[in-house]
Each structure stands twice: as structure tokens, then as C-alpha cells.
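Right, one structure below, let's go through it.
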Amino acid sequence: MNTIKKLLRDRNSILTMALALGLVWGDGAQKTEQLMLPALALVMTIAVTGITGNVFRSFKLFAVQGITGIFMSYAIHGVFLIGLSWLFIHDVSLRNGFIILAAVPPAVAVIPFSVFLKGDDTVSLFGTIGAYLGAFVITPLIALIFFGSGFISPVKLLILILELIILPVILSRFLIWTRLARTLEPVKGMLTNWSFFLVTYTIVGLNQQVFLSQPLSILPVAFVAAAGFFLLGWLIERAGVILGFEKNVVVSLVLLGTLKNYGLSGSLALSFFDQKTAIPSSVSVVLMIIYIIWLEYRKKRYDKNLQAWRQ
């Protein structure tokens, strides 16, 4: 019984179960699809309750970190995905899927994942906001270069920013001011973990047939997507260490430079192209879960070794 309770509280076990359930039983994802946005907003709200209000008073800090987010998400991650897909992906539809990935801003989950992995909350929050604001110019520009005009509506991006960033930040301030945040403290981990379970299950479940019916088409896509996580993440980490950045800052830079908004890219692919173009987004979601589990495993191993060394 204790083992079961431990598994139900362990984030990696929960994400693995969501991944497996989505691959085995995708029918329920149709019903949970409408809950994805509220679940992500809840995760965001919980994540930013740990950020003090003082950080919002410095425009200079916001500008610097915002530009950092734009640079990591588009100049680093976006260029990497486009370049690698042009080298290894010969199917035009699949290549277009990676171009769409390059064009969208980072995953909102950068912020809660940064909390899990002990990143710099300010860099993650302001970097994400900056990248979303930059998306108003950069996303249509990339779309115009590769696909022509009329690819994405700025209004849709604005609604996304409002629902998944601005409103959660405002709600988090309310929870802090009313001291309700303290009441939620004992269940913050559980709420976050099971919200991610719902989001992960839904995304994987909605794309179940892609993984089961087109396994051969996934292989080159998986290679490029995996490189966008593991290889690029390692390169960013090494560059951060060489440049002398603090460890928590490096964690946030890695997340900003390797995670994209796969829900947005998948919906754009389906809206303007077809199911095949959405495959890179679907495959990337699965690999993202594996990548996050790997990062957390590395962190736990590092912390354990550090604790043993101190003793």
C-alpha cells in the first residue's frame, strides 16, 4: 500500500502513467480536451505563487529576461529545429510541422518545470512572457517566409497570453495577498502533478493513432525532436557553464531553449495543413515528458551525490 501511495505522489511515475494511458486508451482524451486549458492555468497559478511581487517592479529586469526568452526560443531552438529538419526530413508535410514548431513560443510549462528543477523563477517567467510578446512579430514573420500570409491570428496569441500567463499571475497575487497560498501549500505538489497528468494524457491520447498507425514516419521525426531536447539541451548547459552562469539560471535557459508550445503548434498544423503536419508536435510531446523525467532524474542524482559528499 505504501508503495502505491508513493507512486501516486511521484511526479515521474504520474507522467509515465499518463503517457502509457494515452497510448493504450485514447478515447477518453476527447472528453478531457476541454480541461487542458484550465489545468495549465492552474499549474501556472501555483507555480508563480512562489515568486515575490518585487520582481514585477523592475522594467529593466523584465526587458533583459524577456529578450533572453526570445533569443533562446527562436534564435537558438527555432533555428536548430528548422536547420536539422531540412537536413534529415525529406517529407514536406513533416518539415512544415517543424517549421511551425520553430515559429511558436515556448511551452507555458517552462515555469512550473523550472520550479521542479530548481531553476531561476524570474528568468523562466519573464523569459516566457517576453517570448510570447515577441511571437506577435516573430511567428507571423516565420510563417510569411515559409508559408505566405494569413497563417496565425495575433488575437489568438493575445488570448493565449491572457489565459495562461496574465490571469494566473493576477490570481497568484490574490492568493498571496489573502494568504490562501499558505492553505494550498500542502497540496500544491499533488495539484500540479495531476494537472500535468491530465494534460499529458490528453495530448498523447488525441494523437494515439499517429503513434500506432504511422510508426515508420515517426522515426526521422523522433530523431530531430530528440536532438532538439537532449543534444540542444546539453549544448545550452555546457555553454552556460563555460560563460559562468549560475546553475539555476542555466536550468531556466535550458528549458526556454528546448521546450515549445506543442498544443499551439499542433492546433496550427491541423488548422492550416493536415494530420501529418501535426506529427512533429505529437512526437515532441512524448519526448518532452521523457526529457523532463530525465532532467529530474539527473537533478535527484546530483543532489544525492552532493549530500553524500557533504557528509
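Just so you know, all these numbers are worked out from the coordinates, no wet-lab data involved. Note that this is a predicted model, so its numbers are computed, not measured. Quick reminder, even Gly has a Cβ in these numbers, built from the backbone with ideal geometry, and neighbours come from all protein chains shown.
For the stretch 247-277, name all the residues that are among the aliphatic types (A, V, I, L, M), buried (at least 18 other Cβ atoms within 10 Å of the Cβ) and farther than 27 Å from residue 11 by Cα.
Result: 268, 269.
Could you tell me how many of the residues in the stretch 131-141 are out of contact with any Leu (no Cβ under 6 Å at 6 or more places or on another chain), buried (at least 21 other Cβ atoms within 10 Å of the Cβ) and farther than 13 Å from residue 68 by Cα?
Of the residues in that region, 1 qualify.
Can you say whether residue 145 is out of contact with any strand residue (DSSP E or B) (no Cβ under 6 Å at 6 or more places or on another chain), among the hydrophobic types (A, V, I, L, M, F, W, C), over 29 Å from residue 22 (Cβ atoms) and buried (at least 18 other Cβ atoms within 10 Å of the Cβ), as far as the supplied structure shows? Explain how you work it out, then say what you get.
Details: out of contact with any strand residue (DSSP E or B) (no Cβ under 6 Å at 6 or more places or on another chain): yes; among the hydrophobic types (A, V, I, L, M, F, W, C): yes; over 29 Å from residue 22 (Cβ atoms): yes; buried (at least 18 other Cβ atoms within 10 Å of the Cβ): no.
It is false that residue 145 is out of contact with any strand residue (DSSP E or B) (no Cβ under 6 Å at 6 or more places or on another chain), among the hydrophobic types (A, V, I, L, M, F, W, C), over 29 Å from residue 22 (Cβ atoms) and buried (at least 18 other Cβ atoms within 10 Å of the Cβ).
Could you check residue 50 against (1) surrounded by fewer than 22 Cβ atoms within 10 Å (Cβ to Cβ); (2) assigned to a helix (DSSP H, G or I) and say which number it fails?
(2)
For residue 269, state whether it is touching a Ser or Thr at 6+ places or on another chain (Cβ under 6 Å) and either in a helix (DSSP H, G or I) or of a type in the set (S, T, N, Q) (or both).
yes
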